[in-house]
Amino acid sequence: FFFLMIRRPPRSTQSRSSAASDVYKRQVLACALVSFGQQLAWNEGVPIDRLFDEAKFLYDLLKHEFITRQSLQTIEDLQNILNFMERRGMLTQSNNKVKVAEQSGDLGINYLCSLLWPFIDSYWVTAVFMMSLRKSQQGLTKAKMLEQVQWFADTLYEEKVLVHFESCSMDTFKNAYEQFKEMNLLKTDTIVNPKTNTTESVVRILAKEEELKKIEEHISSLQKGAFAKTVNSPIDIARRSMAIESVSYTHLRAHETPEH
């Protein structure tokens, strides 16, 4: 019952595979279920309505990563996936609650989760960096911001805070940027460089600190588990990366290659 989920092809290509779409939904559901922790996901069971809310959040968050034939919109959509996974021995349902099946469920659930955890990590890294960027009010072009996000992810991977090298993918950071832009957490302002008379795109964080923190914590709850303890917190590392890479706003406008 195991399938690999194929990454979103170029936007001009549409995948019509309902099987691939269903596999992706199983991955989302597995990650959402595990996010509730050992006590609920393995012992007491997670109420279906709460599971749906978490699965819907994750499904929508990663919508730029995969093409699916049908979206996850209702609890009925979720129920169809639950029924399939129950038949395959990955989970059990009772009294409107869902939990990982004893003995047979761990392997399947963990496998499905392992295919999405690197993407979730990438979105978390981007959210943490946005929090740091908002505090510093540093003017960065979109390209510069994505470059620093990747540097931040590489640093976290080297310090064993991130466990997946795939979490450092620039393609995923670009998709995370577009998703957060659609969520009105950030925007790109186009300015004119008076020295070169060319346009440049500068990132501006729209969300308040409390809103960003809420998003970051929500994404963090869907990650594989508690991060390895390090001397520096992830946010401190993000600030340090900005200090190392930072140049003044005026310097950026004068020397960076314009984005159109």
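Listing for the model above:
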{"read-out": "Helices (runs of 4 or more DSSP H) enclosed by the range 163-260 - at least 2 residues per element that are charged (D, E, K, R) and at pLDDT below 85", "value": "234-245"}
{"read-out": "Which listed residue, of Leu82, Leu140, Leu91, Leu107, is open to solvent by 50 Å² or more (accessible area, probe 1.4 Å) and more than 19 Å from the chain's Cα centre (by Cα)", "value": "Leu107"}
{"read-out": "Residue match in the range 113-128 (condition: over 30 Å from Glu178 (Cβ atoms) and surrounded by fewer than 19 Cβ atoms within 10 Å (Cβ to Cβ))", "value": "no"}
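The values are calculated or read from the model by the stated rules, or taken from the named source; none is laboratory data. Bear in mind that the values here come from a model prediction, so they are computed numbers and not experimental data. No Cβ is skipped: glycine too gets one built from the backbone with ideal geometry, and neighbour counts run over all protein chains shown. For the accessible areas, the whole protein counts, side chains as well, though only heavy atoms, and no ligand, DNA or RNA atoms are used. Shrake-Rupley method; radii C 1.70, N 1.55, O 1.52, S 1.80 Å.
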